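Quick note: the coordinates plus some simple rules give every number you see, no bench work behind them. Computed from a prediction, not measured in an experiment: that's the story for all the values here. Here the Cβ is made from the backbone with ideal geometry for all residues, glycine too, and neighbour counts use every protein chain on show.
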C-alpha cells in the first residue's frame, strides 16, 4: 500500500516548522510515517531492531522527492512513546518510554538523569541521522512469547537430568526455535538478554544458558540456581562439543548417502565410480572417529548426570531421615510406647469384665404377665381364620375355571357350524343381482 501519494510532498519535505504553524498537520505526518515504518517498511517488519543512519535514509529515497528531510522527528517520537528503545536503555533495564518504565527508570528520572532522545546529528540535508540501532519493542515482546512457548515444549518438558537445563548458545537457539525466527546475530543477542533480564526465564553469561523453569528436584545448589557457575560452564563445554559432533555426523551421513547413490549409478563410468567409492571410504573413516568421540562425550555426560542423581538421592535420604527423626521425637521413646500399650491392655480387661457383668443380668419379660392357655386360644383362632380364607379363595378359583371351560366349548361349537356352511355360485350370483346398480344417479336429498 505504501505512503499516500497525495501527501508525499508534505511527508518528504522538512515539516519541522509545522509544529508551530500547523500542529495537527505536524502530528498527522508523524502518525503516517510511524504506521508505514511499523507495518510496511520491509527492513523493519518482524525484526527486533531498526537500524537508522545513512542506509536507512537511502532505503526511503523517493525518485521525485529524494530522501525524507525530517524523518528524525518520527524516530524521536517513536522512542519517546516507547515504540522504539535504545540499546542503552534496554541494557539499563528501561524497556519502556524514553523516561523509563521500571524502578531503575524512576530513580533516573528523579535524580535528573533522564534526557530527551535526539536522532539527528546535524542540519545537513543528507546524512543528517546518527548511525545507531533501536529495538522494536512490540516485535521483541511478540517473538519472545513464541520462543518461551518453544522453550517449555521442546526443552523443559524433556528434561530428565540436571544437565538438561544447561545449554550452549547454539544448541539453545536451535531447540528454542530462535534460528527460525531471528537470523541477525545482534537480534539473537537482544532476544536472549530480554529472556534473561526482563522475563527471568533463563540466566545467560559466557555463552552459557541455564533455564530457570525446571523441576526443583534437579537443582543441586539453591544458591547458584540464578547464576552461571564454573561447573555450568564446563557442562556447557561438554554439551557444546557433543552438539557440534552430532551436527558433523549428520552432515557426513548425508554426504555418505549421496556417495553411495553415485557408486550404484550405472550411468557413471566405472573409474569414476571407483573414485566415489574411495571418497566414501574416507568419509566412513572420519565418521567412525566422530562416532567414537561422540560415545566418549556421551559417557562423560552420563557420568555427570549420574553424579547429579547421586546428589539428589543423598538430599532425598537426608530429608527422609530428618522427617523420620521428627516423627519419632513426636512419638516418644520405646519405653513410653510399652507403657501406653500396657495401659490399653488394662482398659481392654476392664471392658471385658463389664461385658460379662451385663450379660449375667436377666432383663427378659415377666412370664406371669402372659397366660399360656390364652396364647394357645388366640393362636387357634388365627389358624381357623386363615383356613377359611384359603377355602374361599380355592372355591372362587374353581368357579372361574368352570366358566372359562364353558365359554371355550361354546366358541368351538360355533366355529364348527361356520365351517359346515357352503354357498353355491348360482346363489351368490342371484344375491348379487338383487343389489342396487351403483352407477344409477341417486336423487339429491332436499335441503331441510
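Stretched out fully, how many nm does the piece from residue 225 to residue 123 gain, at 0.36 nm a residue minus the Cα gap?
Values: separation 102, 0.36 × 102 = 36.72 nm, distance 5.17 nm.
Using 0.36 nm per residue and subtracting the Cα-Cα distance, I get 31.5 nm.
May I ask you to sort 129, 260 by Cβ crowding, counting other Cβ atoms within 10 Å and putting the fewest first? Write down the numbers at each step before the final one.
On the way: 129 21, 260 14.
The order, fewest Cβ neighbours first, is 260, 129.
List residues of segment 121-144, by number, whose backbone nitrogen lies under 20 Å from a label position 7 Å along Cα→C-beta of residue 91.
130-137, 140
In Å, what Rg and Dmax follow from the Cα atoms of segment 145-315?
20.4, 67
Given a Förster distance of 22 Å, report the FRET efficiency between residue 159 and residue 234 from their Cβ-Cβ distance, rounded to the nearest 0.05. Present the calculation step by step, with values, prior to reporting the outcome.
On the way: r = 19 Å, r/R0 = 0.85.
My answer for the efficiency is 0.70.
Highest mean first, how do 274-281, 164-171 rank when packing is the count of other Cβ atoms within 10 Å averaged over residues? If you can, show how the numbers build up before the last one.
Details: 274-281: 14.2, 164-171: 20.4.
Per-residue Cβ counts within 10 Å, averaged per peptide and sorted highest first, yield 164-171, 274-281.
Given a cut-off of under 8 Å on Cα pairs at least six residues apart, what relative contact order in percent is computed for segment 145-315? It would help to have the intermediate numbers written out before the result.
Values: 150 pairs, mean separation 41.2, N = 171.
Here the relative contact order equals 24 percent.
Normalised by the empirical 2.2 N^0.38 Å for globular proteins, what value does the Cα Rg of segment 223-333 take?
For segment 223-333, the normalised Cα radius of gyration is 1.97.
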